[in-house]
1. With a 1.4 Å probe and every protein chain left in place, tell me how much accessible area E224 has, in Å² to the nearest 10.
2. Tell me the angle of helix 93-102 to the major Cα principal axis of the chain, expressed in degrees between 0 and 90 and rounded to the nearest ten.
3. With only alpha-carbon atoms in the gyration tensor, what are the semi-axes of the equivalent ellipsoid for the range 1-130, in Å, largest first?
4. What is the gain in length, in nm to one decimal, between K248 and N34 on full extension, counting 0.36 nm per residue of separation less the C-alpha to C-alpha distance?
5. In whole percent, and with a 1.4 Å probe on the protein chains, what portion of the accessible area of the range 1-111 is carbon and sulfur?
6. Students often get this wrong, so check it: of K5/K110; K24/K183; K5/K241; K5/K151; K5/K107; K3/K151, which have C-alpha atoms separated by over 26 Å?
7. Please report the projected area of the range 190-281's Cα convex hull averaged over all directions, in nm².
8. Over the Cα atoms of the chain, each weighted equally, I'd like the Debye log10 I(q)/I(0) at q = 0.10 Å⁻¹, rounded to two decimals.
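The values are calculated or read from the model by the stated rules, or taken from the named source; none is laboratory data. The structure displayed is predicted, hence computed values, not measured ones. Here the Cβ is made from the backbone with ideal geometry for all residues, glycine too, and neighbour counts use every protein chain on show. Protein only, heavy atoms only, side chains kept; ligands, DNA and RNA dropped before computing areas. Shrake-Rupley method; radii C 1.70, N 1.55, O 1.52, S 1.80 Å.
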Amino acid sequence: MDKRKFVQALFAFATNAHVQGFWKGTIYRGKLKNICVPGLNCYSCPGALGSCPIGAMQAVEGGTKYGISMYVLGFLVFVGLLAGRFVCGWLCPFGLIQELIYKIPMKKVKVPKGVNAVFKWVKYFILVIFVIALPILTADSFGISTPYFCKYICPAGTLEGGIPLLTMNKPLRMAIGFLFSWKMFLLIFVVVTSVLIFRPFCRYLCPLGAFYSLFNPISFYRYEIDRAKCTGCGKCSRICKMDIEVYKNPNSLECIRCGECKKGCPVGAISSTGKPRKNHS
């Protein structure tokens, strides 16, 4: 297991360490649930110790008297400024799940540049409409709103929360309706496409990745190209599973900071930095 996979697995376990929840069919409701984790990790997962920031933000963003919405927004901005989409590549449990599925031996699909260029914007649409606009516009008088993304889209919630809880709770299984069938269809679609395409949910659907991506060019943790060393050979781009032209744009909004380009650069022209962004870079 390489360093990144080890960190991904360790973080996934650390944030889902309420293991008794899986065989009891219950979720953890202790004080740690008031704290958000940086990655996409369902609140309703029986093992989850913290809250998913996307779910937490949706739940109360319709009412200004609930301070948690500002806390969540502040938390996301802080993490974004600190690391950008490093969270996606190193700390997100659902990202790890997709990568493990991608290891299934089967011919992989190279997404055409034109298709990728269009569909990568879907996650921003989901962020704006399902995570921000709809919960705010439909909030009741108490500031409580429906978490539209979690309820109607999120495959991570279906896999990590819905399936385990239904497995262990017969009354819940008896209440299954169209909504769960729809969510299962989305989950199956993401799983199947994850066999063929590297992290399709992260590329095209994840609103958390969309939010963090906005900070990639300005975050403290960034990639830099030594133009004196770079030969423009393009090997970094061929290695990149997110299909980024790294030598042209090392801080692309799509970069998840996996580090494969750095390891693969034949002249060591790619480096990472934790310093504030310089005006000339």
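1. Rounded to the nearest 10, that gives 60 Å².
2. Here the helix axis deviates by roughly 70 degrees.
3. 27, 22, 14
4. 72.9 nm
5. The computed percentage sits at 73.
6. Correct reply: K5/K151; K3/K151.
7. Hull-based average projected area comes out at 6.3 nm².
8. Here log10 of I(q) over I(0) equals -0.55.
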